[in-house]
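Undergrad: Let me give you the structure first, and then I'll get to my questions.
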Amino acid sequence: MSDVPPPPPPSYGQQPPPPGYAAYGGPATRSHPQGTLILVFGIVGLITCLPLAIAAWIMGQRALKQIDSDTGVTYTNRGQVNAGRICGMIGVILAVVTWVIYLATR
């Protein structure tokens, strides 16, 4: 059997929950709309493309600020956004190190 309690009976005459809140009074949960895009940009930027790594870093930073500032919603993909941002950072650092080594050996 499941340990999940049954939902409370409907309360007639009460106001519906405000936007951003679940029916039981807690904050609503959703995923950040750019989470997957940030992760894909970070991985591809890590492997091949510097502009995508830069985009993942910037977009990830903005998304994390938005996630932290929005107290009415609990985002379920904060780790995904953070992983994309970190991959973007590593991609930029690897590209800069590669260019420095390339220019130093010429």
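Values quoted throughout were computed directly from the atomic coordinates according to the rules given, and no laboratory measurement underlies them. As the structure is a prediction and not an experimental result, all values here were calculated from the model. In this analysis, Cβ positions are derived from the backbone assuming ideal geometry, glycine residues included, and neighbour counts consider all displayed protein chains.
Undergrad: Just rank Val40, Val4, fewest to most, by other beta-carbon atoms within 10 angstrom. Walk me through the intermediate numbers first.
TA: On the way: Val40 14, Val4 6.
Listed from fewest to most nearby Cβ atoms, that is Val4, Val40.
Undergrad: Specify whether the C-alpha gyration tensor of region 28-104 places it in the rounded, prolate or oblate class, a ≥ b ≥ c being the square roots of the eigenvalues: rounded for a/c under 1.5, otherwise prolate if a/b is larger than b/c and oblate if not. Please list the in-between numbers first.
TA: Details: a/c = 3.95, a/b = 2.82, b/c = 1.40.
Prolate, since a/c reaches 1.5 and a/b exceeds b/c.
Undergrad: Report, by chain and number, residues whose modeled amide H sits under 5 Å from the one on Asn77, excluding near sequence neighbours (fewer than 5 apart, same chain).
TA: The answer is His32.
Undergrad: Compare the peptides 47-60, 69-82, 91-104 by average per-residue count of other Cβ atoms within 10 angstrom and give them in order, highest first. Intermediate results must be reported in sequence, preceding the final value.
TA: On the way: 47-60: 18.9, 69-82: 15.4, 91-104: 12.5.
So the peptides 47-60, 69-82, 91-104, ranked by packing, come out 47-60, 69-82, 91-104.
Undergrad: OK, next. Scan around Ala28 for amide H atoms under 5 Å from its own, H built in the peptide plane at 1.01 Å from N, and keep only partners 5 or more places away or cross-chain.
TA: Counting only residues 5 or more places away or on other chains, the set is Tyr21, Ala22, Thr74.
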